[in-house]
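In what follows, a single structure is set out as structure tokens and then discussed.
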Amino acid sequence: MSLPVNLIFLDCSCKFLKYLPELPESLKYLICYRNFLETLPELPNSLEYLHCSRNKIETLPGLPDNLLDLTCSENNLKSLPNYLKNKMFRLLS
């Protein structure tokens, strides 16, 4: 599956997905809650909003510097990366 290179908004919630394809560099909003995701692909630097709650994610990938809003509750996170301590966005896990 290939996504359009100029995609800005992607909502693939509640689709029973086990993985996501490579994400385009233009993506700003990724909403992928309530799936069966165990991992997330590499996130584009343009990403500002990520809602990945209610999956099976164990670790978060590197998060873009532009990210303003992260919601990742109800996952299987074992720990949070150290770099999140300096971020000022909402983090629910």
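The values are calculated or read from the model by the stated rules, or taken from the named source; none is laboratory data. Predicted, not measured: the structure shown is a model, and the values here were computed from it. Here the Cβ is made from the backbone with ideal geometry for all residues, glycine too, and neighbour counts use every protein chain on show. Ligands, DNA and RNA are excluded from the accessible area calculation, which covers all protein heavy atoms including side chains. Shrake-Rupley method; radii C 1.70, N 1.55, O 1.52, S 1.80 Å.
At a 1.4 Å probe radius, carbon and sulfur cover how many percent of the accessible area of the chain? Intermediate values should be presented prior to the final figure.
Working: 2960 of 5870 Å².
That fraction is 50 percent.
First measure r as the distance between the Cβ atoms of VAL5 and ASP69, then evaluate 1/(1 + (r/R0)^6) with R0 = 30 Å and state the FRET efficiency to the nearest 0.05.
0.80
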query: When only DSSP loop residues count, what trypsin sites (Lys or Arg not before Pro) in region 40-85 have their Cβ near at most 11 other Cβ atoms within 10 Å?
result: LYS78
Magnitude of the charge dipole, the chain, Cβ model with Lys/Arg +1 and Asp/Glu -1, debye to 20: 340
Radius of gyration and maximum dimension Dmax of region 21-78, Cα, Å: 10.5, 30
